[in-house]
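The values are calculated or read from the model by the stated rules, or taken from the named source; none is laboratory data. Because the structure is predicted, anything quoted here is derived from the model rather than measured. Heads up, the Cβs are rebuilt from the backbone with ideal geometry, glycines too, and the neighbour counts pull from every protein chain shown.
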Amino acid sequence: MVDTAFIVEVIIIWIKVVVVALVLFSMPLALTWIERKVAGHIQVRLGPFRVGPHGILQAFADMVKMLFKEDVIPDRADRLLFKIAPLLMMVPVFAIFVAIPFGDKVTLPFTDRELTLYISDMNVGIIYVLAVSGLAVYGVIFGGWASNSKYALLGGLRSSAQMISYEVVMTFAAVGVVMLANSLSLVDIVRSQSGGFWHWNILYLPVGPVWFFIFFIAGLAELNRIPFDLPEDEGTLAAGYHVEYSGMRFAFFMLGEYVAMVSISALAVVLFFGGWDDPLGPFAFGIPPILWFVAKVMVFIYIFMWIRFTLPRYRYDQLMTIGWKVLIPISMANVLVTGFMRI
């Protein structure tokens, strides 16, 4: 006898995967247009304006251009690693969204069946996210090594050192949140902050704001965004580890960066700002939780864009000093303070 309940569960899971994939693939196109518009308004200019209404089709034009650009591979490059590197940079940032909860359970219309707005509630969700995001480092290393270029090699080495260093910092921030929530599940972390903004981890004084500050700075460095965009420092290393890439392979690196910006924003919301929780708690106005989640994520994305067009770039030695001599000691001290507060 066919187990219809099992078939329905499988279909629902596949629908979730397809919807999330479509959203994640279309989002970078939208974000490139939004970022150019944000830059234009900050710098008192129009930004994209010619292709489509207010330049809204500019991202699609860029995608078509990338598709038709020649795929150049250096003669003495390691062809296998050269081709794999962009995928290693892009796939992990997509895989993170398997564990990120966009909302709690909702009831499907015309039925009493409940649908969860996340693909999987892993009991070690935060460990999964940190482990999978760390795999992107291999894309940077392979891209720099396989290009057979001194510029790409040096860019790959310092980029991987930067990412590994700030992964340590981000892990400390995640440890702090786990201590506050007593759970490794991202769903449980969100539920532990329910009831209004005064229950959010960002307001768990005095350690909450410190953990958020550490996480946010580490997120900027992990995303290779200004003021920590040393991997793309065109002034000193001719664009860094992806200098030899062109066409769609180069686009994969950029795609991975934009999706990573969404994932870091989503993680910041989940860990510190209550996830899908209504800020007003019991005084809520009935706005769907998923809309609250999306709104919070969009605020963080805007902040990342705002910072990019506001702050200057650090030197590499300053970047590493901030990570190892400032943020990690603060993190270790904050772990002790958090532990004493939770006794």
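Listed values, structure above:
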item: Number of the condition not met by residue 101 [criteria: (1) at pLDDT 85 or above; (2) assigned to a helix (DSSP H, G or I); (3) surrounded by 11 or more Cβ atoms within 10 Å (Cβ to Cβ)]; result: (2)
item: Residues being modelled with pLDDT under 85, touching a helix residue (DSSP H, G or I) at 6+ places or on another chain (Cβ under 6 Å) and hydroxyl-bearing (Ser, Thr, Tyr) - total across the range 115-158; result: 2
item: When residues of the range 223-258 are limited to those that are at pLDDT below 80 and in contact with a helix residue (DSSP H, G or I) (Cβ under 7 Å, 6 or more places away or on another chain), the one surrounded by the fewest Cβ atoms within 10 Å (Cβ to Cβ); result: 238
item: Residue in the range 22-79 that is surrounded by the fewest Cβ atoms within 10 Å (Cβ to Cβ), counting only those that are among the small types (Gly, Ala, Ser) and either in a helix (DSSP H, G or I) or in contact with a Pro (Cβ under 9 Å, 6 or more places away or on another chain) (or both); result: 26
item: Unique match (being in a helix (DSSP H, G or I) and at pLDDT below 85) among 13, 84; result: 13
item: Criterion: outside any loop (DSSP other than H, G, I, E, B) and in contact (Cβ under 8 Å) with a residue 24 or more places away in the chain - qualifying residue of 144, 195; result: 144
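Table: residues versus (1) within 20 Å of the chain's Cα centre (by Cα); (2) over 19 Å from residue 224 (Cβ atoms); (3) loosely packed, with under 14 Cβ neighbours inside 10 Å.
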| residue | (1), (2), (3) |
| --- | --- |
| 279 | no, yes, no |
| 287 | no, yes, yes |
| 292 | yes, yes, no |
| 301 | yes, no, no |
